[in-house]
1. Would you mind classifying the stretch 193-249 by shape? Square roots of the alpha carbon gyration tensor eigenvalues, ordered a ≥ b ≥ c; an a/c under 1.5 is rounded, otherwise it is prolate if a/b is larger than b/c and oblate if not.
2. Based only on other Cβ atoms within 10 Å, what is the fewest-to-most ordering of Asp38, Asp81, Asp230?
3. Decide, for the stretch 60-107, between rounded, prolate and oblate: order the square roots of the alpha carbon gyration tensor eigenvalues as a ≥ b ≥ c, take rounded if a/c falls under 1.5, and otherwise choose prolate if a/b is larger than b/c, else oblate.
4. Once amide H atoms are placed 1.01 Å from N in the peptide plane, what residues at a sequence separation of 5 or more from Cys95, or on another chain, have their amide H within under 5 Å of its amide H?
5. How tilted is helix 182-192 with respect to the longest principal axis of the chain? Cα atoms for both, answer in degrees (0 to 90, nearest 10).
6. Could you tell me how far the Cα centroid of the stretch 203-257 sits from the Cα centroid of the stretch 10-27, in Å?
7. What are the lysines whose alpha-carbon lies under 26 Å from the alpha-carbon of Lys293, with same-chain residues fewer than 8 places away excluded?
8. If I fit a long axis through the Cα atoms of helix 76-88 and take the longest principal axis of the Cα atoms of the chain, what angle between them do I get, 0 to 90°, rounded to 10?
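The numbers here are math on the coordinates, done by the rules we state, and not lab data. Source: prediction; values computed, not measured. Using ideal geometry, Cβ is built from the backbone for each residue, glycine included, and neighbour counts are taken over all protein chains shown.
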Amino acid sequence: MEKKIKWGVIGSGGIARRRTIPEGITKAENAELVSVYDINSVVNNEVAGQYNAYAARSISELLQSGIDAVYIASPVNQHFDHVLECAAGVKHVLCEKPLGMTVAETEKMIAVSRKRGILLGTSFMMRFNSQHRVALKLVKEGKIGKPVYGRAQLSCWYPPMAGAWRQDPSTGGGGSLMDMGSHCIDLLEMFFGNIKSVSCYINNSIHDYRSEDSAVVSMFFENGAIATVDTYFCIPDNSSKNTLELYGSKGSIIANGTIGQGEAGELVAYLEDDSSGYDAAQVRNEKGGESIKPVPVNTYRAEIEEFSQAIIENREPENNVELGLRSQKILAACYESAKKGKVIEIS
């Protein structure tokens, strides 16, 4: 690789410390970690020391540390200001989802980034899962026939914790739907195309914090397919198998564990030819199907390498800002549906 993109990180604790720095930025062939910033200076100094990076004492200092790009993993209510600061400093930005608290914020972030001539990307790393890539190829080739129904599920146990910004909509924008459901919705659009309308329920089934701990979304796609997303902060981790199901007129693709932070899960394709007719007995072959096991890819490394390469080649990245805007519009429609109790069309 002739060039390596020099990265800074805003919000060095949390997901950046657990995943994106150790698995993504420091392992990517075309990237290197230069500096980090976090409002918690103790944590920031620990991360800087662990990865031999410069511990910036402010965002301004971070932007002046010789970097090309910034990965933003701060609380959602800070994304807008942080992206605008990076744009003012003419630094490319890969921002965690959701990009902003509202559609209007996201549109402003996009406009400012384009005016300053920088790339702004959305961190939907699950699109880079190698099993998801093979599944997408099968869907695009028509192997499952006409898409009929999809389901994406991502849940975990997330009990009340002091200072947990995802548990307050004023800092996280929402709860389980905003944080985890956004990944599921994005994946289903990747497989089935644009969503036309949504109907959504949210609830606090177990936990009493301000954000929802439970959400179910029904989606109607432009191609006629229907799908659901179910995402909870109140189901024990091992009890949630992070299921992905894609059904069509010629077969299905069923997975457990591919949705999430890991590199791989179990994914099986059940594909049938056009000759099958009506079977009154409705016999199921439990052992059929083709296991899909491509070489696992670390999704955090893949998204950093793709965004870095887009900067090098001066092109739009796969994890582009339009995905973030699309997600923001759908999520806004979901919360509106839950509030009004009716189907909402996606603008």
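1. On the way: a/c = 4.19, a/b = 1.66, b/c = 2.52.
Judged from the Cα gyration tensor, the stretch 193-249 comes out oblate (a/c at least 1.5, b/c at or above a/b).
2. Values: Asp38 24, Asp81 13, Asp230 21.
Ranked by crowding around the Cβ, least crowded first: Asp81, Asp230, Asp38.
3. On the way: a/c = 2.24, a/b = 1.96, b/c = 1.14.
Prolate.
4. Ile72, Gly121, Thr122, Ser123
5. 50
6. Distance between centres, Cα-based: 27 Å.
7. Counting by Cα, and skipping residues close in sequence, Lys293 has these lysines nearby: Lys27, Lys137, Lys140, Lys143, Lys146, Lys241, Lys250.
8. The helix 76-88 is inclined about 50 degrees to the chain.
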